[in-house]
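The values are calculated or read from the model by the stated rules, or taken from the named source; none is laboratory data. The model shown is predicted, which means the values in this text are computed figures rather than measured ones. Quick reminder, even Gly has a Cβ in these numbers, built from the backbone with ideal geometry, and neighbours come from all protein chains shown. Ligands, DNA and RNA are stripped out before the accessible areas are found, and what is left, the full protein with its side chains, is counted by its heavy atoms. Shrake-Rupley method; radii C 1.70, N 1.55, O 1.52, S 1.80 Å.
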Amino acid sequence: MRLRLQIAAIFLAVGLGALAVTLVHDPTALVPQPPYGRWIFVRMLQVASLAALGMLLVFGIVDDRDDFEDDALDRAIFWRAVGLAFLTSALASATFVAASALVDYLDGKL
């Protein structure tokens with residue numbers, strides 16, 4: 001497979017994992033709400049953290065490409081990595097949502 005396609009698929013899987021958790025938790029989170037500056041800033045931080053996660057995963061895939069000569073084995077490893085990228089992103093987003101809910105709950109109790 002071409003390297004650019006592999007890199008794009010990893011970033012797409014990371015974004016879709018985070019989007020799935022966001023839409024399950026709060027579908028209106030994607031709609032801008034005033035004040036817009038704060039909404040844009042928070043979304044930029046989220047995109048930056050997802051980009052960092054995607055880069056870590058891409059570096060692992062691209063670095064290991066030279067170890068395999070068999071194209072079928074390379075494809076199998078690639079699709080496993082895409083699935084793991086989706087699951088890792090969903091798990092990281094769910095952990096963030098759960099931690100935010102816990103902080104909100106504790107803030108209300110104290």
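Applying the selection to the stretch 1-41, what residues are open to solvent by less than 50 Å² (accessible area, probe 1.4 Å), modelled with pLDDT of 85 or more and farther than 24 Å from S100 by Cβ?
To start, the set of residues in the stretch 1-41 that are open to solvent by less than 50 Å² (accessible area, probe 1.4 Å) comprises 1, 6, 9-10, 13-15, 17-18, 20-22, 29.
Among the residues that remain, those that are also modelled with pLDDT of 85 or more are: 9-10, 13-15, 17-18, 20-21.
Scanning the stretch 1-41 gives A9, I10.
Please verify whether the stretch 58-66 includes one or more residues that are modelled with pLDDT of 85 or more and open to solvent by 100 Å² or more (accessible area, probe 1.4 Å).
There is no residue in the stretch 58-66 that is modelled with pLDDT of 85 or more and open to solvent by 100 Å² or more (accessible area, probe 1.4 Å).
Could you check the stretch 83-110 and list, in sequence order, the residues that are farther than 30 Å from I7 by Cβ and open to solvent by 70 Å² or more (accessible area, probe 1.4 Å)?
If the condition is that a residue be farther than 30 Å from I7 by Cβ and open to solvent by 70 Å² or more (accessible area, probe 1.4 Å), then L102, V103, D104, Y105, L106, D107, K109, L110 are the ones that fit.
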